[in-house]
Amino acid sequence: MAVPSLSTSDPSNGDSDVYTNKNLTFTFAAALDSSTVTENTFLLIDRTTNKRVGVTLTYDSQVFRVTMVLDTMLKENTSYRALIVGTDTKVTDVLKDSASGDALAVTLKVDFSIGNDQFEIDTVIGKEVDAKTLEGDLFLPTNVKALGVNFTVNKVRPKNHTAGLADNLTGDKTVKFTFNKQIMPTGTLSDYAIVDVYPLFSTDYIAKNGDIKGSQTGTSTQDFTLPTGTISIDDSVLTVTFDRSFPSNVGVDIELLDSIQDVSGLDYGGNLKYSISTNLYPEVIPPRTVKRDIRHIDGDQIHDEYVDALIHKNSMFLWERMGRRINLSSLSWPSLKYIFSATILDILEDQDYEKFLRAGTRRQLGDMNVSVDSLIGRLALKIVSATKDRDRCLHTLNAGWEFATAIKSDGVDGLLNLNRLWYAPNGRYTQPWKKYVQPAIPAANLSINRQSKTNNPWW
């Protein structure tokens, strides 16, 4: 009796810092029944999402080696499991030995994890130098070849889509693009790139040293001027240098123009969309916390600077809605939970998710049988849960507010001009300065109760 016996695997069980483009190999002690080497017997699973990863299988009968060729690159900082199916799974398709026809009894598992910025340069086949250059940071599998021009960006610092950068970015207030060839230093600097520095939400909400621009008085000494970038060329490096430190809550977009040429006159043919953002004030929650909460619907694929922009927007919205009376430097748990839930909803209600939701819902006439696949179901449940959390937190933060129902003149001039409903035509209360928070005191008709009947401008 001879069952398939695994001699070696690459990666080995327990390996870490595996390359994102690593093709997996499994070498056996004897020949396999090639008809049983299928996508049903060799599986690759993303352990974070429990989803299968697309692979193409090849079998070398001379050395008894099965190779999983990746259909796409694996994700950084993620755990994976390779499964070789045996009879203990109680399924029909199992791996079998060629000579005896005996099946693998116990399913084999190979667990490994991907590192950060780990790539394996493909040297297996004879790719031309230009072909390797075209691949850039992709490092495509051996059966995939990049097409196009061969003047590209090899490296960028800071890394694209980075969020939470310091006021001097990586230390010298610069962004550097390193090309694979020397750049021709001709023309004006504006011919090379377009640089856009902008507030993530609004100019009023950029901040420095814990101060927000829109809340400053005329005596403020903070300089909220946004930096201006200038472009320089040094050999193969294009550098954008900014003239001052960045405020918080600021984004940077850089578009490299196709007028960039190498020294031989070859045009830059890339389509790099470069976007980064500075640290937030207030510092609420890191983007990875939000992405982790929706990882089952591919939330880990969302860029950090996009999540940070939503966190900032919801922070400022809450601050304004609460009449700027919450302490931004020490946010309460309901405040943090509100911002977290509102950000989750912003992502889930994005247009792409909405389309996905509509496409995944199926209806049947007659008995009104509705079928929703598991992914769509999880998405719907997440929306319901986040909505409840957001509304509950907002109710908690606003506990004690009451509408004004009557008015009695007390000689204060400001009260004489109020209309009966205390509303202006735009729907806001007419006296924003007349506001009060009523604490929970177990008594009635107290002075504090009567005072609470004054105006609340935020509802």
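Restricting attention to segment 183-195, does a residue exist that is under 18 Å from THR225 (Cβ atoms), assigned by TED's automatic domain parsing to the domain that holds THR230 and modelled with pLDDT of 90 or more? If you could, list the steps in order and put the result at the bottom.
Residues of segment 183-195 that are under 18 Å from THR225 (Cβ atoms), as a first pass: 195.
Subset that is assigned by TED's automatic domain parsing to the domain that holds THR230: 195.
Of the ones still in play, those that are also modelled with pLDDT of 90 or more are 195.
Within segment 183-195, one or more residues are under 18 Å from THR225 (Cβ atoms), assigned by TED's automatic domain parsing to the domain that holds THR230 and modelled with pLDDT of 90 or more.
Could you look through segment 71-92, keep only residues that are of a type in the set (D, E, K, R) and over 29 Å from TYR19 (Cβ atoms), and pick out the one that is surrounded by the fewest Cβ atoms within 10 Å (Cβ to Cβ)?
Filtering segment 71-92 down to residues of a type in the set (D, E, K, R) leaves 71, 75-76, 81, 88, 90.
Those left that are additionally over 29 Å from TYR19 (Cβ atoms): 88, 90.
Working: ASP88: 11, LYS90: 6.
Taking the candidates together, the pick is LYS90.
Within segment 112-119, identify whether any single residue is within 20 Å of THR8 (Cβ to Cβ), more than 23 Å from the chain's Cα centre (by Cα), at pLDDT 90 or above and of a type outside the set (S, T, N, Q), and answer yes or no.
Within segment 112-119, one or more residues are within 20 Å of THR8 (Cβ to Cβ), more than 23 Å from the chain's Cα centre (by Cα), at pLDDT 90 or above and of a type outside the set (S, T, N, Q).
How many residues are without any contact (Cβ under 8 Å) to a residue 40 or more places away in the chain and of a type in the set (A, V, I, L, M, F, W, C) when one looks only at segment 32-54?
Qualifying residue count, segment 32-54: 3.
Out of (1) assigned by TED's automatic domain parsing to the domain that holds PHE317; (2) surrounded by 15 or more Cβ atoms within 10 Å (Cβ to Cβ); (3) not hydroxyl-bearing (Ser, Thr, Tyr), what's the single condition that is false for GLN301?
(2)
Out of the residues in segment 59-106 meeting the condition of being among the acidic types (Asp, Glu) and modelled with pLDDT under 90, tell me which one is nearest to the chain's Cα centre (by Cα).
Checked segment 59-106; the qualifying residue nearest to the chain's Cα centre (by Cα) is GLU76.
Would you kindly identify the strands (runs of 3 or more DSSP E) lying entirely within segment 8-88 that contain at least 3 residues that are outside the structural domain of ASP300 (by TED's automatic domain parsing) and not acidic (Asp, Glu)?
In segment 8-88, the matching strands (runs of 3 or more DSSP E) lie at 24-28, 42-46, 55-60, 65-70, 79-84.
What single numbered condition from (1) exposed (fewer than 13 other Cβ atoms within 10 Å of the Cβ); (2) of a type outside the set (A, V, I, L, M, F, W, C); (3) at pLDDT 90 or above; (4) within 21 Å of ASP93 (Cβ to Cβ) fails to hold for SER7?
Going through the list (1) exposed (fewer than 13 other Cβ atoms within 10 Å of the Cβ); (2) of a type outside the set (A, V, I, L, M, F, W, C); (3) at pLDDT 90 or above; (4) within 21 Å of ASP93 (Cβ to Cβ), SER7 breaks only (4).
Give just the number: which of (1) at pLDDT 80 or above; (2) in contact with a Ser or Thr (Cβ under 8 Å, 6 or more places away or on another chain) does ASP204 not satisfy?
Result: ASP204 passes all but (2).
Just one of the numbered conditions (1) in a loop (DSSP other than H, G, I, E, B); (2) more than 30 Å from ASN327 (Cα to Cα); (3) polar (S, T, N, Q) is not true of SER232; which one?
(1)
Residue pairs, Cβ under 9 Å, 6 or more apart or interchain, first in segment 58-83 and on the phi > 0 side of the Ramachandran plot, second not acidic (Asp, Glu) and not in a loop (DSSP other than H, G, I, E, B). List them.
PHE64/SER7; PHE64/THR27; PHE64/PHE28; PHE64/LEU32; ASN77/SER113; ASN77/ILE114
Restricting attention to segment 23-38, does a residue exist that is in contact with a Phe, Trp or Tyr (Cβ under 6 Å, 6 or more places away or on another chain), within 21 Å of ASN116 (Cβ to Cβ) and surrounded by 13 or more Cβ atoms within 10 Å (Cβ to Cβ)?
Looking for residues that are in contact with a Phe, Trp or Tyr (Cβ under 6 Å, 6 or more places away or on another chain), within 21 Å of ASN116 (Cβ to Cβ) and surrounded by 13 or more Cβ atoms within 10 Å (Cβ to Cβ), one finds none in segment 23-38, hence no.
Out of curiosity, is VAL237 more than 21 Å from ASP167 (Cβ to Cβ) and of a type in the set (A, V, I, L, M, F, W, C)?
yes
Suppose the filter is out of contact with any Asp or Glu (no Cβ under 8 Å at 6 or more places or on another chain), surrounded by fewer than 19 Cβ atoms within 10 Å (Cβ to Cβ) and assigned to a helix (DSSP H, G or I); does ASP308 pass it?
In short, no.
The values are calculated or read from the model by the stated rules, or taken from the named source; none is laboratory data. Computed from a prediction, not measured in an experiment: that's the story for all the values here. Using ideal geometry, Cβ is built from the backbone for each residue, glycine included, and neighbour counts are taken over all protein chains shown.
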